[in-house]
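Asks: Encoded as structure tokens, here's the structure I'll be asking about.
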Amino acid sequence: MGNTANPHSSVAADVAILTIRDGALAVLLIRRGNPPFKGRLALPGGFLEADETLEDAAARELSEETGVAAGEFLLQHIGVYSEPDRDPRERVVSAAFAALVADVPPDHAGGDAAATEWLPVDRALKESLAFDHLRILRKAVEYARRELEYSTAATAFCAKEFTVAELRRVYEIVWQTRLDPGNFHRKVTRVPGFLEPTGRTTTKDGGRPAALYTAGELRRLPLPLSPGR
């Protein structure tokens, strides 16, 4: 048996919000205004309060530190982080959440955040993030890539109305690969419930008018949609 003592542990929630900005997958980070790791970049997050669920804590901390309201998108639990030394103050167990969203600019920095910024994921993964947030960010990126393979989550990165070409660019950015336009168009338009045609077209990408779609009711794909398929 291990040590029977029951040392105090705190519970926290951390949030990785991913979007596409300027043609790259980006993550919303804060710059910490207080110790520990004052001045370092980190994911939004903080301690669980007595009357909260973990989901409530994640949404509250996101709003307090960045001004971004979580009510418009799904916070998905992606893991628990419990290394004894992950926080120098005390034993802290953190539940990590991720969300895939359309481009949402933060309104303000508050709470423990001195500033907020969207950073390309490739750059953020090279930063010395506070706590073990680099591990959480890696897990969030893995989650995003997996969700695009098995679900219709890519539409969360799009505006309310979008073209198939715009949807394809989401997959190419997140998967970091090029996809055949014709093959991709056939795959996504033949899955019932994936896309709903609006009956309207656009020429914003140049060339011939392209059909506009909205996200359908389908959530999980009947067959994986992967870079190799």
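Asks: Counting only residues 5 or more places away or on other chains, whose amide H sits under 5 Å from the amide H of Ser10 once H atoms are built in the peptide plane?
Replies: Distant-sequence amide H within range of Ser10: Arg91, Val92, Val93.
Asks: Now, a different point. For the chain, what does the helix formula give at 222 nm: sum of -39500 (n - 2.57) over DSSP H segments with n ≥ 4, over the residue count, nearest 500 deg cm²/dmol? Numbers along the way, then the final one.
Replies: Details: 5 runs with 56 residues, N = 229.
Here the helix-only value at 222 nm equals -7500 deg cm²/dmol.
Asks: How high is the relative contact order of the chain, in percent, with contacts defined as C-alpha pairs under 8 Å that are six or more residues apart?
Replies: Working: 410 pairs, mean separation 46.2, N = 229.
Relative contact order, the chain: 20 percent.
Asks: Also, quick follow-up: Suppose the chain between Glu161 and Arg91 were pulled fully straight at 0.36 nm per residue; how much longer would it get relative to their current alpha carbon spacing?
Replies: Numbers: separation 70, 0.36 × 70 = 25.20 nm, distance 4.57 nm.
So the extension gain works out to 20.6 nm.
Asks: Would you be so kind as to identify which of His133, Leu167, Tyr143 lies farthest towards the positive end of the dipole of the chain, taking Lys and Arg as +1 and Asp and Glu as -1 on Cβ and the Cα centre as origin?
Replies: Farthest along the dipole direction, towards plus: Leu167.
Asks: What percent antiparallel are the DSSP beta bridges of the chain, to the nearest 5?
Replies: Restricted to the chain, the bridges split so that about 75 percent are antiparallel.
Asks: Using unit Cβ charges (K, R positive; D, E negative) and no other charged atoms, how large, in debye to the nearest 20, is the dipole of the chain about its Cα centre?
Replies: Details: 29 positive and 32 negative charges, 243 e Å.
Here the chain has a charge dipole of around 1160 debye.
Asks: Is region 104-211 rounded, prolate or oblate when judged by the Cα gyration tensor, a ≥ b ≥ c being the square roots of its eigenvalues, rounded requiring a/c under 1.5 and prolate requiring a/b larger than b/c? Mind dumping the intermediate values first?
Replies: Working: a/c = 2.48, a/b = 1.84, b/c = 1.35.
Since a/c reaches 1.5 and a/b is larger than b/c, the shape of region 104-211 is classed as prolate.
Asks: On to the next question. Would you calculate the volume per residue, in Å³, of the smallest convex hull containing every Cα atom of region 159-215? Walk me through the numbers on the way to the answer.
Replies: Details: hull volume 5.2 nm³, N = 57.
Dividing the Cα hull volume of region 159-215 by its residues yields 92 Å³.
Asks: According to the square roots a ≥ b ≥ c of the eigenvalues of the Cα gyration tensor, what is the shape class of region 9-149, taking rounded for a/c under 1.5, prolate for a/b larger than b/c otherwise, and oblate for the remainder?
Replies: Working: a/c = 1.31, a/b = 1.28, b/c = 1.03.
Verdict is rounded for region 9-149.
Where a number appears in this text, it was derived from the coordinates with a stated rule and is not lab data. These numbers come from a predicted model, not from an experiment. Methodologically, a virtual Cβ is constructed for each residue, glycine included, from the backbone with ideal geometry; neighbour enumeration extends over all protein chains shown.
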